[in-house]
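Single-structure report; data block below.
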Amino acid sequence: MQYNSPITPTWCPGCGNFVIHASLKGALTELGIPPHQVVMTFDIGCAGNGADKILGYNFKVLHGRAILPAIGVKYINPDLTVIALIGDGGMYWEGAAHWIAAAQRNEDIVVLVSNNQIYALTTGQTAPTTEHNYATKSYPYGTPFYPLNPVAVSIAAGATFVARGWTGDPAYLKELIKAAIKHKGFAIVDILQNCVTWNHLNTLEYYRERVYKLDEAGHDPTDKQAAYQRAEEKDKVPIGIFYHVQAPSIYEEYPLVKKKAGLEVKGRSVSKLLAEF
Ligand SMILES: Cc1ncc(C[n+]2csc(CCOP(=O)(O)OP(=O)(O)O)c2C)c(N)n1
Ligand code: SF4
Ligand SMILES: [Mg+2]
């Protein structure tokens, strides 16, 4: 496959990140997008360690900051496919302000969240999506608060494409990623990712008993209230596209933003600055 990297992954055997990368490679390949037209920004953490495991113009950034360079790249070259890959800790806590702002502004990027419901690389601390009462390194007597709902918050913030995937169904995940890439505007796929080392509650078996597909349940992704109701379900876990509408991106609303960001920096041409650099 043209996206395969020669670097051997260091993830634990059975880690859901293998599935996410396989689904992403399949999605890009089936959409006919070559690696040189893709820029991927990787956060810190096990998810972030995928930066050299898939070909593309990839780079790693500080924890919680993967969205910012993605937006910058898209401003300068809107023809590129720009994808930020982030863990649940980096996205929903350290990077939460960037997540909300990018959704509000309908920035034209794709965000894929490896949501293993734990801080994995730092050996198993409570994350924003950790289940109530689950005992972790940081809360050994059980996580005292309730998990954040990434789908509901993304919709409320203004995201125009909001989906949930699961590493137990790679083919379905690939289709969700393809739909996110094709979407014009802010697209987020919260991916329930099994972490075999630090999350012994939300396993593949746990979700296998609970997941169902929204498109097979007659869900209308243009219905915002229905999307919220599905997002709030607890006993069953819907996967698929919760919310999908077309809305102007920040470029279409404010063409001057694109012109200024893409062509000039304080009155000087970007190409001239780059030549000097
Ligand atoms: C600003 C900052 N805070 C904390 C850390 C330490 N740190 C490194 S990886 C990590 C956990 C990341 O968890 P998550 O984003 O969920 O990714 P995962 O490892 O679970 O894939 C943390 C807290 C850091 N590198 N930078
Ligand atoms: S600790 Fe968890 S998330 Fe990290 S590589 Fe291992 S299984 Fe994957
Ligand atoms: Mg995590």
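Key figures for this structure:
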{"quantity": "Positive minus negative residues near I86 (Lys, Arg vs Asp, Glu; Cβ under 12 Å)", "calculated": "-2"}
{"quantity": "Stretchable slack from N133 to T29, in nm (0.36 nm times residue separation minus alpha-carbon distance)", "calculated": "33.3 nm"}
{"quantity": "For the chain, built as a Gaussian network whose Cα springs stay under 10 Å, the top-fluctuating residue of P144, P170, P221", "calculated": "P144"}
{"quantity": "Order of M40, M91 - criterion: other Cβ atoms within 10 Å of each residue's Cβ, fewest first", "calculated": "M40, M91"}
{"quantity": "Exposed trypsin sites (Lys or Arg not before Pro) absent - longest run of the chain, DSSP non-H/G/I/E/B, at most 12 other C-beta within 10 Å", "calculated": "1-233"}
{"quantity": "Highest-fluctuation residue, E175, E94, E233 considered, GNM on the chain with Cα pairs under 10 Å", "calculated": "E233"}
{"quantity": "Estimated inter-spin distance, A171 and E233, nm [label 7 Å along Cα→Cβ]", "calculated": "2.1"}
{"quantity": "Computed label-point distance, nm, for sites A156 and R208 using a 7 Å Cα→Cβ extension", "calculated": "3.5"}
{"quantity": "Ranked I7, I118, criterion: other C-beta atoms within 10 Å, fewest first", "calculated": "I7, I118"}
{"quantity": "Spin-label pair A101/E216, simplified geometry with 7 Å Cα→Cβ offset, distance in nm", "calculated": "4.1"}
{"quantity": "Antiparallel bridges, percent of DSSP beta bridges restricted to region 16-246 (to nearest 5)", "calculated": "15"}
{"quantity": "Cα-based convex hull volume of region 1-134 per residue, rounded to whole Å³", "calculated": "110"}
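Any read-out appearing in this document is the output of simple, stated calculations on the displayed coordinates, not a laboratory observation. No experiment lies behind these values; they were computed from the predicted model shown. Positions of Cβ are backbone-derived with ideal geometry, glycine not excepted, and every protein chain shown enters the neighbour counts.
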